[in-house]
Amino acid sequence: MPIDATLPYDDSNIFARILRGEIPSKKVYEDEFALAFHDISPAAPIHILVIPKGPYVSWDDFSARGADAEIAGFVRAIGKVARDNGLVAPGYRLLANTGGHGGQEVPHLHVHLFGGRALGPMLAR
Ligand code: 5GP
């Protein structure tokens, strides 16, 4: 069920619990600003989620409230995960679902990083 991305951040969400170590995840990368882990239900041979460590619901929330260092750190982390997982040469796709029309299910900003095969058209028609 998609979330309402206009609601304030709710720190009981599943990714907040992963960040607090209450729920396990298959970690790919971590630094001061970001955590990356494998999606529990992969939609491609490589399907990694990258999340900022701060309490942000969506990209627009993060861009409005995030500190410059957090934003830079998060964006750099996404690029590093792509490079470190060999995705640059074959290519890959980033996706950030937001709110109802975006189909966002977890109310903590996350960027999906897909790769490992040709990913087809951008959106289902
Ligand atoms: P959204 O639809 O919000 O963009 O995507 C949420 C993603 O989180 C889905 O691809 C889903 O498979 C993944 N996910 C949901 N719960 C968990 C979990 O507990 N652990 C991991 N690693 N991924 C999860």
### Query
So which pairs qualify, if the first residue must be in the range 56-82 and touching a residue at least 40 places away in the same chain (Cβ under 8 Å), the second must be in a helix (DSSP H, G or I), the Cβ gap must be under 6 Å, and the two must be at least 6 apart or on different chains?
Tyr56/Phe62
### Of residues in the range 12-63 being away from the ligand (no atom under 11 Å from the Cβ) and hydroxyl-bearing (Ser, Thr, Tyr), the one nearest to Lys80 (Cα to Cα)
Tyr29
### Query
Pairs under 8 Å by beta carbon, first residue more than 8 Å from the ligand (Cβ to nearest atom) and among the basic types (Lys, Arg) in the range 98-125, partner at pLDDT 95 or above and part of a loop (DSSP other than H, G, I, E, B), six or more apart or different chains?
Arg117/Ala44; Arg117/Pro45
### Task
Return the only residue of Ala82, Ala96, Ala77 being touching a His at 6+ places or on another chain (Cβ under 9 Å) and surrounded by 13 or more Cβ atoms within 10 Å (Cβ to Cβ).
Ala96
### Inter-residue pairs, beta-carbon under 7 Å, first modelled with pLDDT of 95 or more and in the range 1-15, second outside any loop (DSSP other than H, G, I, E, B) and β-branched (Val, Ile, Thr), 6+ apart
Phe15/Ile51
### Task
For residues that are touching a strand residue (DSSP E or B) at 6+ places or on another chain (Cβ under 6 Å) and among the β-branched types (Val, Ile, Thr), tally how many sit in the range 35-75.
4
### Task
Give the residue, chosen from Ile46, Ile51, that is surrounded by 19 or more Cβ atoms within 10 Å (Cβ to Cβ) and more than 19 Å from Glu105 (Cα to Cα).
Ile46
### Members of the range 86-97 found to be within 8 Å of the ligand (Cβ to nearest atom) and out of contact with any strand residue (DSSP E or B) (no Cβ under 7 Å at 6 or more places or on another chain), listed by number
Asn97
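The values are calculated or read from the model by the stated rules, or taken from the named source; none is laboratory data. Everything quoted here is computed from the prediction, not taken from an experiment. Every residue, glycine among them, receives a Cβ derived from its backbone with ideal geometry; neighbour counts consider all protein chains shown.
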